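Got a structure here, written out as structure tokens. Questions coming.
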Amino acid sequence: MSHPVVMLEKVEKRYPLTKALDGVSLTIDRGQVVGLLGHNGSGKTTLLKIIAGLKNPTNGRVRVFGLAPGVETKKRVAYLPEVNTYYGWMTVDELINFVKAFHPDLDLEKAAGLKTFMNLNGAVKIGALSKGQQARLKLVVGLARQADLMLLDEPLAGIDPPSRARILEALVGEFRQEGQTIIISTHEVKEAEAIFDHVVFLRKGRIVLEGEAETLRAETGHSMEELFGEVLE
Amino acid sequence: MRFEIDERQPIYRQIVEALIRQIACGEWPPGGKLPSIREVAAAARVNPNTVARAFQELERTGLAETRRGEGTFVTTDTEAIKACREKTAREIWTDFLRKMRELGFTNEEVRRLAAELKEE
């Protein structure tokens, strides 16, 4: 129980022509909300997929709840990719039941509450939802699972401001499971920064700065958004 | 319940200061229940751990106390609230005077200006 939720040691991921991750070491403790911040192509998605157990590193060591990523860790991890992977012909309610079949930890009552909070109609087909509504639906499904670790890849990218505000509110409000650890990748820092305990700045597959958001504010007098501009340019 | 946050400064401190101001001006009355950590977190869209830290700081000032399982309550000690209001007023006044000195105003000139502006 004393294991950190995530532990990475000198993790590398090489592709034939590029190095997506170039020696990433990182420890994430239970109950933290972590902002994984970097531009497109900095390695954020690769890092999340490795933690989710969907990709293997070329080198280095990965531990999630003290275990190598696999069947056991996947039961406790909710990974929400940036791209929408849902079937357009399903209705919102059908999707929730569909996900429930794969992930028995999904709490239907909580899903119903989240659906109301996110202002989604259960009878509407997913194909008919706007981009913002689809992004909100993804959060309904993710937060309704009793997962110990939630990985969100760019949950705010390209959606309308009211949807973003709603998503951020859900992440810090009553729907967040007690003690749940959340890692959120984003390159839009301004709106999200107040919800982070810890921030990790990623540039070209390397961590260039990390720390407690409040400590970095006190030490530098800068917001995370300003630091993003400074350390990642 | 509104919180203006400047993300260049530690957020927990700003929440403490906002709550102290709100208590001092009676927005949260003596003995009354403060909103929960989750409620403040959702309203300000701020991490609940940050809000929890702010509540701890607030308790340390003696203006609020947490009762296990019930929530956080404003102190019933109206003298303490009055003292806090006074202290905040002094801070604002001191800050004001410092700025006026920087502008080269003497105390006499500040008094004259205050009287003049009151007329308007």
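The values are calculated or read from the model by the stated rules, or taken from the named source; none is laboratory data. On a predicted model such as this, the values are computed, not experimentally measured, just so you know. Cβ: placed from backbone, ideal geometry, glycine included. Neighbour counts: every protein chain shown. Ligands, DNA and RNA are stripped out before the accessible areas are found, and what is left, the full protein with its side chains, is counted by its heavy atoms. Shrake-Rupley method; radii C 1.70, N 1.55, O 1.52, S 1.80 Å.
Within region B:16-73, how many residues turn out to be part of a helix (DSSP H, G or I), more than 14 Å from every other protein chain (Cβ to nearest Cβ) and open to solvent by 40 Å² or more (accessible area, probe 1.4 Å)? Please lay out each step first, then the result.
Filtering region B:16-73 down to residues part of a helix (DSSP H, G or I) leaves B:16-24, B:37-44, B:48-60.
Next, from what is left, pick out any that are more than 14 Å from every other protein chain (Cβ to nearest Cβ): B:17, B:19-24, B:55, B:58-60.
The next check asks that each one be open to solvent by 40 Å² or more (accessible area, probe 1.4 Å); those that pass are B:17, B:21, B:59-60.
Selection size over region B:16-73: 4.
Determine if region A:140-151 includes at least one residue that is within 12 Å of the chain's Cα centre (by Cα), away from chain B (no Cβ under 13 Å), buried (at least 19 other Cβ atoms within 10 Å of the Cβ) and of a type in the set (Val, Ile, Thr).
no
Separate question: Could you run through region B:2-13 and say how many residues are touching a residue at least 24 places away in the same chain (Cβ under 8 Å), more than 8 Å from every other protein chain (Cβ to nearest Cβ) and either open to solvent by 60 Å² or more (accessible area, probe 1.4 Å) or in a helix (DSSP H, G or I) (or both)? I'd like the intermediate steps shown before the answer.
Here is the first cut: in region B:2-13, the residues touching a residue at least 24 places away in the same chain (Cβ under 8 Å) are B:2-3, B:5, B:11-13.
Going one step further and asking which of them are more than 8 Å from every other protein chain (Cβ to nearest Cβ), we end up with B:2-3, B:13.
If we keep only those that are either open to solvent by 60 Å² or more (accessible area, probe 1.4 Å) or in a helix (DSSP H, G or I) (or both) as well, we get B:2, B:13.
Qualifying residue count for the region: 2.
Do we find a residue being touching a Ser or Thr at 6+ places or on another chain (Cβ under 9 Å) and closer than 27 Å to A:Leu54 by Cβ anywhere in region A:209-222?
no
Against the definition (out of contact with any Gly (no Cβ under 8 Å at 6 or more places or on another chain) and among the hydroxyl-bearing types (Ser, Thr, Tyr)), how does B:Thr72 come out, yes or no?
yes
Touching a helix residue (DSSP H, G or I) at 6+ places or on another chain (Cβ under 6 Å), buried (at least 19 other Cβ atoms within 10 Å of the Cβ), of a type outside the set (S, T, N, Q) and farther than 21 Å from A:Asp197 by Cβ: is that true of A:Gly38 in this structure?
On the way: touching a helix residue (DSSP H, G or I) at 6+ places or on another chain (Cβ under 6 Å): yes; buried (at least 19 other Cβ atoms within 10 Å of the Cβ): yes; of a type outside the set (S, T, N, Q): yes; farther than 21 Å from A:Asp197 by Cβ: no.
It is false that A:Gly38 is touching a helix residue (DSSP H, G or I) at 6+ places or on another chain (Cβ under 6 Å), buried (at least 19 other Cβ atoms within 10 Å of the Cβ), of a type outside the set (S, T, N, Q) and farther than 21 Å from A:Asp197 by Cβ.
Every residue in region A:146-170 that is in a helix (DSSP H, G or I) and either of a type in the set (Val, Ile, Thr) or more than 20 Å from B:Arg38 (Cβ to Cβ) (or both), please. Walk me through how you get there before you give the answer.
Quick first cut of region A:146-170, residues in a helix (DSSP H, G or I) only: A:161-170.
Across region A:146-170, the qualifying residues are A:Pro161, A:Pro162, A:Ser163, A:Ile167.
Okay, moving on. When region A:184-223 is examined, which residues are found to be assigned to a strand (DSSP E or B) and hydrophobic (A, V, I, L, M, F, W, C)? Before the answer, list the steps.
Initially, region A:184-223 is screened for residues assigned to a strand (DSSP E or B), giving A:184-186, A:198-203, A:206-212.
Matches in region A:184-223: A:Ile184, A:Val199, A:Val200, A:Phe201, A:Leu202, A:Ile207, A:Val208, A:Leu209.
Return the total of residues in region B:6-39 being closer than 12 Å to A:Ile195 by Cα and aliphatic (A, V, I, L, M).
Selection size over region B:6-39: 1.
Matching residues to (1) outside any strand (DSSP E or B); (2) aromatic (Phe, Trp, Tyr); (3) loosely packed, with under 13 Cβ neighbours inside 10 Å; (4) modelled with pLDDT of 95 or more:
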position: A:His3; (1), (2), (3), (4): yes, no, no, no
position: A:Val34; (1), (2), (3), (4): no, no, no, yes
position: A:Ile51; (1), (2), (3), (4): yes, no, no, yes
position: A:Val99; (1), (2), (3), (4): yes, no, no, no
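Another question, if that's okay. For A:Leu120, state whether it is open to solvent by less than 30 Å² (accessible area, probe 1.4 Å) and part of a helix (DSSP H, G or I).
On the way: open to solvent by less than 30 Å² (accessible area, probe 1.4 Å): yes; part of a helix (DSSP H, G or I): no.
So A:Leu120 fails the test.
Give the residues of region A:165-200 that are at the interface with another protein chain (Cβ under 7 Å from one of its Cβ atoms) and open to solvent by less than 20 Å² (accessible area, probe 1.4 Å), sorted by residue number.
A:Leu168, A:Val172, A:Gly173, A:Glu193, A:Ala194, A:Ile195, A:Phe196, A:Asp197
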